[in-house]
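Read the structure below first, then the notes.
The values are calculated or read from the model by the stated rules, or taken from the named source; none is laboratory data. None of these values were measured; they are calculated from a predicted model. Cβ placement follows ideal geometry from the backbone for every residue including glycine, while neighbour counts extend to all protein chains displayed. We work out accessible area using only protein heavy atoms, side chains counted, and drop any ligands, DNA or RNA first. Shrake-Rupley method; radii C 1.70, N 1.55, O 1.52, S 1.80 Å.
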Amino acid sequence: MRLDKFIVESGLATRTEIAKAAKNGAITVNGEIVRRPSGHIDPVCDVITFCGKKVIYREFTYIMLNKPEGYVSARSDDLSPTVIELLPPELQRIGLFPCGRLDKNTLGLMLLTNNGPLSHKLLSPKNHVDKKYYFEVKFPISVDDVKSLESGVDIGGYMTAPCKVEMLDEKHGHITLTEGKYHQIKLMAEAVHNQITFLERVTFGPILLDRSLERGEWRYLTNEEEELLEARGVAASGSNNQK
Ligand code: URA
């Protein structure tokens, strides 16, 4: 594998930064300074350092982002900023994509990865991965509304799967879904003649929104969080993240 590709994929630097570092003698392979970043290395056996730091190869990268309002869950968009733009340049180039969509004005937990099979498993309705949202509505929700929402409502010709609704008071609550249709919660609220005024995802399977992240901030998933995903039987093998 090319040395520069190895460092780019580890999320440490861009190709331009790597070229500069190589010129300055800041890259070593097995203790030897290497000034030609296009050379080949063995990602398993060779020991690489970049600016004095050992580079650990990331086959896949997993990121938690606290999504702010106004960003679209896509890799690119002609009109609006994307969640990818909230990441530093070196992480914008390693093929990360949002694991499932949140609406532009929905906030909270967004997972980003470049592990396609894992993302597919997390989102497949067959895997029943719970996603919990905090919501606020315009009008009070009755006990009958809660019953309807939980047993399934018609959202434009589709009957939603059973879900869980826990009210905190008559206008605030949590809803936990195992599926993710477009605008699902907003349409479910409309089906019971109501309107969502605030929506925030707080969990995605076993992963909880890290409240120490401000809106727009991100961090890598910890080893423990990756293990939790694996325990759900949804993490693809081969992750080797540097923490
Ligand atoms: N349901 C919605 O209506 N919007 C979201 O962003 C997520 C679930």
The stretch 212-228 - phi-based ³J(HN,Hα) in whole Hz, Karplus 6.51/-1.76/1.60, Gly and Pro as x
7, 7, 6, 4, x, 8, 9, 7, 5, 5, 7, 4, 4, 5, 5, 5, 4
Within the under-11-Å Cβ sphere about Gly216, not counting Gly216, Lys/Arg +1 and Asp/Glu -1 give a net charge of -2
In nm, to one decimal, how far is the modelled label at Asn30 from the one at Phe139, with both set 7 Å along Cα→Cβ?
7.3
Quick one: which residues, 5+ away or cross-chain, put their amide H under 5 Å from the amide H of Leu102? H built at 1.01 Å from N.
Ser73
Need the full-extension length gain, Ser76 to Asn223, defined as separation in residues times 0.36 nm minus the C-alpha distance. One decimal, nm.
50.0 nm
Radius of gyration, Dmax [the chain; alpha carbons; angstrom]:
21.4, 71
Residues whose placed amide H lies under 5 Å from that of Thr82, excluding near-sequence neighbours
Val72
Residues whose modelled amide H sits under 5 Å from the amide H of Leu107, counting only those 5 or more places away in sequence or on another chain, are Leu199, Glu200, Arg201
For the stretch 75-161, go through all pairs of different Cα atoms, get the mean of 1/r, take its inverse, and jot down that Kirkwood value in Å.
16.0
Restricting to DSSP H runs of at least four residues, report the calculated mean residue ellipticity at 222 nm for the chain, -39500 (n - 2.57) per run over all residues, nearest 500 deg cm²/dmol.
-6000 deg cm²/dmol
For the stretch 40-52, in residue order, the Karplus 3J(HN,Hα) values (coefficients 6.51, -1.76, 1.60; θ = phi - 60°; whole Hz; Gly and Pro = x) are 9, 9, 9, x, 8, 8, 7, 9, 10, 10, 10, 6, x
With springs only between Cα atoms under 10 Å apart, run a GNM on the chain and tell me which of Gly100, Gly25, Gly216 wobbles the most.
Gly25
When the chain is modelled as a GNM with alpha-carbon springs shorter than 10 Å, which of Val202, Val143, Val34 fluctuates the most?
Val143
If each residue of separation counts as 0.36 nm, what is the full-extension length gain between Cys45 and Asp169 once their alpha-carbon separation is subtracted?
38.9 nm
Exceeding 25 Å between C-alpha atoms, which entries from my cross-link table qualify? They are Lys5/Lys181; Lys5/Lys131; Lys54/Lys121; Lys5/Lys54; Lys20/Lys67.
Lys5/Lys181; Lys5/Lys131; Lys54/Lys121; Lys20/Lys67
Can you work out ³J(HN,Hα) from phi for every residue in the stretch 184-201, in order, using Karplus 6.51 cos²θ - 1.76 cosθ + 1.60 and θ = phi - 60°, giving whole Hz and x for Gly and Pro?
4, 5, 4, 5, 5, 4, 5, 5, 10, 6, 10, 8, 6, 10, 7, 9, 9, 7
Starting from the Cα of Lys23, draw a straight line to each of the aspartates and glutamates and keep only those under 14 Å, dropping any in the same chain fewer than 8 residues away.
Asp4, Glu32
Find the centroid of the Cα atoms in the stretch 15-68 and in the stretch 97-141, then give the distance between the two in whole Å.
32
To the nearest 0.05, what FRET efficiency results for Ser212 and Glu85 with a Förster distance of 22 Å applied to their C-beta separation?
0.50
Ignoring ligands, DNA and RNA, what percent of the accessible area of the stretch 36-136 is carbon or sulfur (1.4 Å)?
52
Expressed in nm to one decimal, what extension gain is obtained for the pair Ile94 and Glu190 from 0.36 nm per residue of sequence separation less their Cα-Cα distance?
30.7 nm
